[in-house]
Amino acid sequence: MSSAKPATSATPAALLRASTLPPLEARILLTHVLGWRPTQLITRSDEALDTQFVERYQMLEARRIAGEPVAQLVGAREFYGLDFEVTPHVLIPRPETELLVETALTALENRVRPRVLDLGTGTGAIAVAIASMRPDAQVWALDRSAEALAVATRNAARLLDAQRPGGAVVLTQSDWYDSLDASLRFDAIVSNPPYIASGDPHLDEGDLRFEPRGALTDEADGLSAIRVIIAGAPARLAADGVLWIEHGYDQAEAVRALLAAQGFVQVRSERDLAGIERISGGRLDG
């Protein structure tokens, strides 16, 4: 923990020099506390700060040193150019998941007023990003967690145009497809489900320790939720509809096999910027 003592003469420059955090994290926490733009840490670096700001910063600094995620400490994380509210009830949006959004948008390029379903929406990041980029799309987002849906509802209301042609994102509490109107058919289904296997040591490391366990692991082999999603997708997809799922670094081959077994064609995986096969999907032959 930080050993620095609050003082009315403390400055941004002094606090940043004294911090044991990575410089970027320290700057994010300090701008959050001060309500400043990042450039103001430079232009006002020698400005004396009130004790209340110093104490609040050092409290957040200590919590970060203890392991709490920066996104939870500041209550936000940027995803696909949008600033999403984050709480301990939702998975923190990650840059690699942007590949899922990009791939879905590409699949929808030639479809007018497409219908999109996001399963296990969490913050609503995937659904809202797609809705933002395709104002004409009708988007449904499901999650079994009422707390997560509350966060997603706030994000959708704040980040999307209330007058968008596709209408508001339809947010529904559901265990995968269970509560969804059976008559609906979608041009694209997307999901970032819990795919970490039970007992994986990563669950007890880093930011994952502070995120909702149910959004991370299926408490099984890491594929049980993916099996449910793939098995239920053919009955929910329109002709030539697509399904894309994010999965673990070593699960691409297994997910492709599951897709093929359900009759999907053009099955493939896409690699993220780290070269990892991050998502897999296919088209329902209509």
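The values are calculated or read from the model by the stated rules, or taken from the named source; none is laboratory data. What you see is a predicted model; the values in this text were computed from it and never measured. Don't worry about glycine lacking a Cβ; one is built from the backbone with ideal geometry, like all the others, and counts go over all protein chains shown.
Is it true that ALA162 is crowded, with 23+ Cβ neighbours inside 10 Å, of a type in the set (Gly, Ala, Ser) and either in contact with a Gly (Cβ under 7 Å, 6 or more places away or on another chain) or more than 18 Å from THR87 (Cβ to Cβ) (or both)? So ALA162 fails the test.
Among the residues of the stretch 45-70, the ones that are within 13 Å of ASP207 (Cβ to Cβ), in contact (Cβ under 8 Å) with a residue 60 or more places away in the chain and not charged (D, E, K, R) come to 3 in all.
The rows are residues; the columns are (1) small (Gly, Ala, Ser); (2) closer than 22 Å to GLY214 by Cα; (3) in contact (Cβ under 8 Å) with a residue 12 or more places away in the chain.
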| site | (1), (2), (3) |
| --- | --- |
| GLU98 | no, yes, yes |
| ARG113 | no, no, yes |
| VAL116 | no, no, yes |
| ALA125 | yes, yes, yes |
| GLN138 | no, no, yes |
| ARG144 | no, yes, yes |
| LEU160 | no, no, yes |
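Tell me which residues, restricted to the stretch 189-218, are at positive phi and modelled with pLDDT of 95 or more. Across the stretch 189-218, there are no qualifying residues.
HIS89 meets the conditions (1) outside the structural domain of GLU211 (by TED's automatic domain parsing); (2) at pLDDT 95 or above in every case but one. The failed one is (1). Does the stretch 271-278 include one or more residues that are hydrophobic (A, V, I, L, M, F, W, C), modelled with pLDDT of 95 or more, in contact with a Phe, Trp or Tyr (Cβ under 8 Å, 6 or more places away or on another chain) and closer than 21 Å to LEU184 by Cα? Within the stretch 271-278 (the criterion being hydrophobic (A, V, I, L, M, F, W, C), modelled with pLDDT of 95 or more, in contact with a Phe, Trp or Tyr (Cβ under 8 Å, 6 or more places away or on another chain) and closer than 21 Å to LEU184 by Cα), the answer is no, since none of the residues qualifies. In the set ALA157, ALA168, only one residue is surrounded by fewer than 17 Cβ atoms within 10 Å (Cβ to Cβ), farther than 25 Å from VAL255 by Cβ and within 18 Å of the chain's Cα centre (by Cα); that residue is ALA157. Scanning the stretch 109-149 for residues that are of a type in the set (Val, Ile, Thr) and over 12 Å from the mean Cα position of the chain (by Cα), which turns out farthest from TRP244 (Cα to Cα)? Top of the filtered list is VAL112. For beta carbons closer than 6 Å, sequence separation of 6+ or different chains, a first residue in the stretch 231-259 that is among the hydroxyl-bearing types (Ser, Thr, Tyr) and a second that is assigned to a loop (DSSP other than H, G, I, E, B), the qualifying pairs are TYR249/ILE276. Please go through (1) assigned to a helix (DSSP H, G or I); (2) among the β-branched types (Val, Ile, Thr); (3) touching an Asp or Glu at 6+ places or on another chain (Cβ under 9 Å); (4) under 24 Å from THR217 (Cα atoms) for ILE130 and return the number of the only condition it doesn't satisfy. So the condition that ILE130 fails would be (4). In this structure, VAL112 does satisfy being out of contact with any strand residue (DSSP E or B) (no Cβ under 8 Å at 6 or more places or on another chain), among the aliphatic types (A, V, I, L, M) and surrounded by fewer than 21 Cβ atoms within 10 Å (Cβ to Cβ).
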